[in-house]
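Worksheet: one structure, shown below.
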Amino acid sequence: MSPLARLLIASQFAFNTGFFAVLPYLAGHLGGTLGLGGWLVGLVLGLRTFSQQGLFVVGGALTDRFGPRPVVLAGCALRVAGFAWLAWAEAVWAVIAAVVLVGFAAALFSPAVESEAAREAVRLEDTAGLPRTRLLARFSAAGQAGALLGPVLGAALSAGGFRTACAAGAVVFLLVLAGHARLMPGRAADTTGRARTARRPGAGGIPAEPGRALRHRPFLALTAAYAAYLVAYNQLYLALPAELDRATGSQAALGWLFALSSALVVAGQLPLERWAARRMSWAASLRAGLVVVAGAFAAGGALRGAGGLWSPVVFVVLLSIGQMLVSPAVRAWLPDLVDARRLGLYTGAMSSLAGLAVLAGGAPAGALAGTAWYWPVLAAVALLGVAAVPRGPAAQRGGADGAAAGRDLPGADGDMAAPDPSGAGRDPDGAEGTRTGAEGSRTGADGVADGPATLRGPRS
């Protein structure tokens with residue numbers, strides 16, 4: 001593994017450690033300490049996701065223009081400032097501004113790190129025949145390891161209150177900033193080995209301009225499926241605290257349930273990726289993951305009468321399995337649909353459009369939380385994503401023959417790379433996860449989770 005790959009994986013781990021020391025406790029801080037209403041809490045959480053996922057297009061475009069190093073450094077600096085502000089904000093406007101700053105920081109550093117990880121994945125696919133999902137899964141697992149440590153760190157600091165957790169998150173990002181200032185190289189040279197092109201099955205020769213991309217049906221269909229996943233996965237940060245309060249009268253188990261989610265991905269992402277690669281195309285993996293996400297809401301709602309932690313535990317387990325299927329498939333498939341020369345821009349456009357969906361769904365979901373309609377409505381959202389998955393020749397790509405199939409397709413101009421599965425996130429500090437690496441889906445930095453992450457996730 002190259003030094004750059006090691007740095008990127010370590011960065012994803014650190015992003016999620018700092019982010020998830022704070023995020024699991026944000027809803028409780030807003031609704032409990034500050035006394036905000038449920039709809040306003042949902043709106044603030046949606047704004048956080050939108051300011052990250054929705055503005056990924058900005059970070060992606062800046063990365064294409066200036067390279068990853070300055071974008072990562074600027075994002076880390078803004079994250080430190082955002083956490084410091086959020087720790088002391090009490091007025092609604094100040095809370096919203098701080099949360100938006102925290103999210104926009106990830107919109108800068110997440111696409112930069114994800115695009116570099118993607119280029120390494122493509123290089124290994126070209127030179128060693130390693131399926132691109134393999135490296136992307138490892139990148140996602142590193143982000144989830146950070147998402148595992150982060151809530152535990154936050155729980156350990158919970159006695160000091162929300163401000164202590166914010167301070168710990170700020171310190172982590174200050175250390176990341178110092179490390180990248182010293183170790184992150186300047187604009188990376190082209191290391192993909194040869195040009196790869198958008199002229200693949202179903203790609204349609206997409207031009208680089210965002211306006212043209214927004215008229216490309218397979219790209220929009222994949223984005224719609226990912227948006228449905230991210231809207232559903234983002235409910236983890238709203239539904240889980242509320243369900244714990246209902247079932248147990250406290251949120252004492254919140255950090256440990258987030259840790260369970262991350263531990264499942266850390267332990268299961270690579271085995272599940274290998275299993276899926278042998279048996280399913282990317283489209284089939286995406287559909288299966290969305291069905292499992294829908295099942296998480298159906299089971300969570302059905303088990304509410306069982307008492308204890310049955311409902312939240314089953315919800316977390318199924319949602320994590322769905323994330324592990326969805327995020328690598330989306331992030332591996334995207335490069336076959338977009339102009340390779342603007343991979344960062346297209347990665348950002350997907351996250352931005354999905355972030356708009358999360359923003360639109362935040363307040364309605366917050367209003368439904370605690371009602372009988374919440375669980376079936378969110379299950380239906382995930383099933384709508386199944387219907388949106390692209391069809392046609394490109395949908396058959398992936399699986400064990402994916403890498404070989406990619407090398408057999410005709411090349412032209414531009415390097416093709418795959419973004420992080422986390423997500424982030426994708427969201428996920430999915431990372432914050434692309435997810436797919438990860439804040440929204442903890443599939444990427446702030447996964448997207450924060451994320452995805454696995455842009456992730458719902459992957460920093």
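Quick one: ranking Arg65, Arg217, Arg48, Arg341 by accessible area, 1.4 Å probe, largest first, what do you get?
Result, largest first: Arg217, Arg65, Arg341, Arg48.
Determine the order of Arg182, Arg331, Arg6 by accessible area, beginning with the largest, at a probe radius of 1.4 Å.
Per-residue accessible area, sorted high to low, gives Arg182, Arg6, Arg331.
On the full set of protein chains, 1.4 Å probe, figure out the accessible area of Trp375 and give it in Å² to the nearest 10.
We get 20 Å² for Trp375.
Spin-label point model (7 Å from Cα, Cβ direction): what's the Phe66 to Arg6 distance in nm?
Spacing of the two 7 Å Cα→Cβ label points: 2.9 nm.
Just to confirm, what accessible area per residue do you get for region 48-151 at 1.4 Å probe, in whole Å²?
On a per-residue basis, region 48-151 sits at 29 Å².
What distance in nm separates the two pseudo spin-label positions at Leu174 and Val377, each 7 Å out from Cα along the beta-carbon direction?
Going from the Leu174 label point to the Val377 one covers 4.2 nm.
Test of understanding: what is the full-extension gain from Trp39 to Arg278, defined as 0.36 nm times their sequence separation minus their Cα-Cα distance? Please list the in-between numbers first.
Details: separation 239, 0.36 × 239 = 86.04 nm, distance 4.37 nm.
Extra length from Trp39 to Arg278 when fully extended: 81.7 nm.
Tell me the accessible surface of Asp245 in square angstrom (1.4 angstrom probe, heavy atoms of protein chains only), to the nearest ten.
Counting only protein heavy atoms, Asp245 exposes about 70 Å² to solvent.
Taking the alpha-carbon set of region 344-393, what are its Rg and Dmax in Å?
Both quantities, over Cα of region 344-393: 13.9, 43 Å.
What is the percent carbon and sulfur in the accessible area of region 210-252, measuring with a 1.4 Å probe over the protein chains and ignoring ligands? Each step should come with its number before you reach the end.
Numbers: 880 of 1600 Å².
Summing carbon and sulfur atoms, their accessible area is 55 percent of the total for region 210-252.
Would you rank Leu214, Leu148, Leu236, Leu384 by solvent-accessible area, highest first, keeping every protein chain in place and using a 1.4 Å probe? Could the numbers behind the result be given before it?
Working: Leu214 85, Leu148 55, Leu236 5, Leu384 125 Å².
Final ranking, largest accessible area leading: Leu384, Leu214, Leu148, Leu236.
Based on the Cβ-Cβ distance from Ala252 to Leu130, what FRET efficiency comes out when R0 is 41 Å, to the nearest 0.05?
Efficiency, rounded to the nearest 0.05: 0.45.
For region 49-110 and region 114-159, what is the centre-to-centre distance using only Cα atoms, to the nearest Å?
Centre-to-centre distance over Cα atoms comes out at 20 Å.
For region 17-163, count all C-alpha to C-alpha pairs, find those more than 21 Å apart, and express that count as a whole percent of the total.
It works out to 51 percent of all Cα pairs.
Can you tell me the length gained on complete extension of the stretch Ala81 to Ala387, counting 0.36 nm per residue apart and subtracting the Cα distance? Walk me through the intermediate numbers first.
Numbers: separation 306, 0.36 × 306 = 110.16 nm, distance 4.11 nm.
Between Ala81 and Ala387, full extension yields 106.1 nm more.
Would you mind estimating how fast region 1-91 diffuses translationally, via Stokes-Einstein at 25 °C and 0.890 mPa s with the Kirkwood radius over Cα pairs, in µm²/s?
For the chosen part, D equals 162 µm²/s.
Could you calculate the FRET efficiency of Glu90 with Val313 from 1/(1 + (r/R0)^6), where r is the beta carbon distance between them and R0 is 35 Å, rounded to 0.05?
Between Glu90 and Val313 the formula returns 0.55.
The values are calculated or read from the model by the stated rules, or taken from the named source; none is laboratory data. Source: prediction; values computed, not measured. As a convention, Cβ positions derive from the backbone with ideal geometry for all residues, glycine included, and neighbour counts pool all protein chains shown. Just the protein is used for accessible areas: all its heavy atoms, side chains included, with ligands, DNA and RNA removed. Shrake-Rupley method; radii C 1.70, N 1.55, O 1.52, S 1.80 Å.
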